[in-house]
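Notes for the one structure printed next.
Any read-out appearing in this document is the output of simple, stated calculations on the displayed coordinates, not a laboratory observation. In this text, all values refer to a predicted model and were calculated from it rather than measured experimentally. Here Cβ is always computed from backbone atoms with ideal geometry, including for glycine, and neighbour counts include all displayed protein chains.
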Amino acid sequence: RDPLFRKHVLRAYNYQCAICSFNICYGNSTVSLEATHIKWKQHGGPCEIPNGLALCAIHHKAFDKGTIGLDENMRVLVL
């Protein structure tokens, strides 16, 4: 994994969840805000900003479980 992926993705999303805008910080650290790959790394997804989403821990889990997805226009779908 690219150690800078998280840093770059969170910065690109202005340190807030792409779905709910959650953006709690403690000092200089984000709390429960994570960078996820849209196309998983193990399926050939690159560690690049266009393949990343900043998500709070709840939406990250939902995305990984497939209950939230993206359509071809990158709009959020609740499945």
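Worth a mention:
- Put simply, the amide H of residue 22, placed in the peptide plane, has neighbours under 5 Å in 17, leaving out anything fewer than 5 places away on its chain.
- In this rough spin-label picture, where each label sits 7 Å from Cα along the Cβ direction, the residue 23-residue 43 distance is 3.0 nm.
- Considering every alpha-carbon pair of the chain, the percent of pairs per 5 Å bin, from zero through the bin containing the longest distance, is 3, 17, 26, 27, 18, 6, 2, 0.
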